[in-house]
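These notes concern the structure reproduced below.
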Amino acid sequence: MASSGSGYDLSASTFSPDGRIFQVEYATKAVENAGTVVGIKCSNGVVLGCAKPIHHKMVVATSGSYKRIHTCDTHIGVASTGFLPDSRVLVQRTTEEAADWLEQYGGKIPPHVLADRLGSYVHYFTLHGALRPFGAAAVIAGHDPDTKECSLHLLEPNGAPYRFYGVATGKGKQAAKTELEKLNLHKTPIAADEAVKQILRILHLLHQESKDSKPIEVEVSWICEASGWKHKGVPKDVLKTSEDWAKEQLEEEEEDDDDDEEMEEES
Amino acid sequence: MSQKNREGEVLTGTTILALPFEGGVVVCADSRTSTGTYVANRVSDKLVQLSDYIYCCRSGSAADTQALTDYVHYYLSQWSLDTGRIPTVKTAAHLMRRLIYQNKDQLQAGVIVAGWDPVHGGSVYTITLGGSCLELPFATGGSGSIFIAGLLDAEFSNGMDMAEARNLAKKACSHAMCRDGSSGGVIRTVVISADGVDRDYTPGNDLPFGPVAVW
């Protein structure tokens, strides 16, 4: 105890003398140990992708069990990572907020309002000694039927809801962010089908780089014109061609790297 | 829901209507408020602003409809703060419908919610005493409305301009005020469009149709 938190890490209701709340930071650590989630806001939609490590050969990792991407309303998709049970609570709350709004106001909840409301909910769990903060983060993709715009939000265990052009969270967060930055999404947004390819490339790249031998299963969803501006899983054929492209791309990159090394040796 | 009016209850036995035109909507009402046969107010205002671009025409109990519009006004400002947007007429009508439906045993309120929003343009909703909400090409309400149903069916058309819509609203309202004992006084209209709102008032001796001009 003396080594890490010096007694200030026992409850989320106590600040440490230098102004930190360790319990919330530990919750963030829980997210950093779980599968990677990547989201891209596109010129014509928004795409979510996540890598699910198959921790046991006999696990059934199809859409029926071990789901990481959920539809919380027709226009809202949530990809969550971290403790699976915690993220399910988040997803359920998202669904309830969306349904309550529709009941109250007779229209779809704007995605940024949903992210704000969810932020307040998650934040509440960082205020009380009797509660445990969420060990999960959620990437929210939404389409607003009133403004016809799509948006992408990340909700972290501290309750801060930020809006992004491209975002990554989970185990491969750092490497994925580097790859996303290369795409220059804030200046030149890419199309949804291109984003599917890039997300798959990033997820497979991260899997190659981590020496983790556990196989991964990939889940990708989108909101775009092709999905009727509804949150839906990317169709199997699109997924297949994109995945082939991603793997080919990665092989090429690897060969290029090898060539470079050889060149260096020669010179 | 059989309910007798309370002794001395103030009712807006009324004529109200809302007619959309190209790019907006005009709402219109007479100004009579009565308690039984006594006219409690001959220049009342039955057109209430719910938000910058949304109005409500009230009919039924004055107390009930005032309370309802106060609530909807409050909810809509809350909605605007939450979303950072201008409320839609649809949302305003939905809020009104919920309040009326959930409390229908204790209320006597039939209202028209009309206005302009950036999503749908000009639109008109009517909410009945029972709490059902209908979007209509145009709407009438109050005790005077039955006298002008045919007139409006004949003369209303889609794609009128602002002046045509306002003139038709005034004409229809004056006809209702003439035949309905519980409607009368002056005509108030409000034009709502992307440019904002424009209020207008026609005094009782200057109506398009009425005893002075005709008989």
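The values are calculated or read from the model by the stated rules, or taken from the named source; none is laboratory data. None of these values were measured; they are calculated from a predicted model. Every residue, glycine among them, receives a Cβ derived from its backbone with ideal geometry; neighbour counts consider all protein chains shown. Side chains included, ligands, DNA and RNA excluded: accessible areas come from the protein's heavy atoms. Shrake-Rupley method; radii C 1.70, N 1.55, O 1.52, S 1.80 Å.
Of the residues making up segment A:68-79, at least one is modelled with pLDDT of 90 or more, touching an Asp or Glu at 6+ places or on another chain (Cβ under 6 Å), assigned to a loop (DSSP other than H, G, I, E, B) and more than 30 Å from residue B:84 (Cα to Cα). Restricting B:152, B:129, B:107 to residues that are more than 14 Å from chain A (Cβ to nearest Cβ), in contact (Cβ under 8 Å) with a residue 12 or more places away in the chain and open to solvent by 40 Å² or more (accessible area, probe 1.4 Å) narrows the list to B:129.
Taken residue by residue, segment A:108-115 has no member that is among the hydrophobic types (A, V, I, L, M, F, W, C), in contact (Cβ under 8 Å) with a residue 40 or more places away in the chain, buried (at least 16 other Cβ atoms within 10 Å of the Cβ) and more than 14 Å from every other protein chain (Cβ to nearest Cβ).
Can you work out which of the residues in segment B:74-83 that are within 8 Å of another protein chain (Cβ to nearest Cβ) and not charged (D, E, K, R) is farthest from residue B:55 (Cα to Cα)?
Checked segment B:74-83; the qualifying residue farthest from residue B:55 (Cα to Cα) is B:83.
Looking only at residues of segment B:155-196 that are of a type in the set (Lys, Arg) and part of a helix (DSSP H, G or I), we find that the one that is most open to solvent (accessible area, probe 1.4 Å) is B:179. Looking for something part of a strand (DSSP E or B) and touching a Phe, Trp or Tyr at 6+ places or on another chain (Cβ under 7 Å) - is there at least one such residue anywhere in segment A:50-67? Taking every residue of segment A:50-67 in turn, at least one turns out to be part of a strand (DSSP E or B) and touching a Phe, Trp or Tyr at 6+ places or on another chain (Cβ under 7 Å). The set of residues from segment B:91-145 being of a type in the set (Val, Ile, Thr), within 20 Å of residue B:13 (Cβ to Cβ) and more than 13 Å from the chain's Cα centre (by Cα) comprises just one member, B:100. Take the conditions (1) polar (S, T, N, Q); (2) assigned to a strand (DSSP E or B); (3) without any contact (Cβ under 8 Å) to a residue 12 or more places away in the chain; residue B:49 misses just one of them, which is (3). Please work out which residue is most open to solvent (accessible area, probe 1.4 Å), limiting yourself to segment A:69-107 and to residues that are under 19 Å from residue A:230 (Cα atoms) and small (Gly, Ala, Ser). Among those residues, the one meeting the criterion is A:99. Of all positions in segment A:164-173, none carries a residue that is surrounded by fewer than 21 Cβ atoms within 10 Å (Cβ to Cβ), touching a residue at least 40 places away in the same chain (Cβ under 8 Å) and within 14 Å of chain B (Cβ to nearest Cβ). Here residue A:177 fulfils each of the conditions (1) more than 14 Å from chain B (Cβ to nearest Cβ); (2) in contact with a strand residue (DSSP E or B) (Cβ under 7 Å, 6 or more places away or on another chain); (3) open to solvent by less than 50 Å² (accessible area, probe 1.4 Å) apart from (3).
Checking every residue in segment A:193-206 against the condition of being farther than 18 Å from residue A:139 by Cα and without any contact (Cβ under 8 Å) to a residue 12 or more places away in the chain gives zero matches. Restricting attention to segment B:10-61 and to residues that are among the aliphatic types (A, V, I, L, M) and open to solvent by 10 Å² or more (accessible area, probe 1.4 Å), the residue that is nearest to residue B:145 (Cα to Cα) turns out to be B:11. Just to be sure before I move on: is residue B:100 over 23 Å from residue B:163 (Cα atoms), within 14 Å of chain A (Cβ to nearest Cβ) and either open to solvent by less than 60 Å² (accessible area, probe 1.4 Å) or touching a strand residue (DSSP E or B) at 6+ places or on another chain (Cβ under 7 Å) (or both) in the structure I sent? Criteria met by residue B:100.
Of all the residues in segment B:23-76, those that are farther than 24 Å from residue B:87 by Cβ and basic (Lys, Arg) number 2. Within segment B:85-120, being among the aliphatic types (A, V, I, L, M) and in a helix (DSSP H, G or I) holds for B:89, B:92, B:93, B:95, B:96, B:99, B:100. Candidates in segment B:62-90 are the residues that are of a type in the set (A, V, I, L, M) and modelled with pLDDT of 95 or more; of these, the one that is surrounded by the fewest Cβ atoms within 10 Å (Cβ to Cβ) is B:81. Of all residues in segment A:209-267, those that are among the hydroxyl-bearing types (Ser, Thr, Tyr), at pLDDT 90 or above and open to solvent by 80 Å² or more (accessible area, probe 1.4 Å) total 1.
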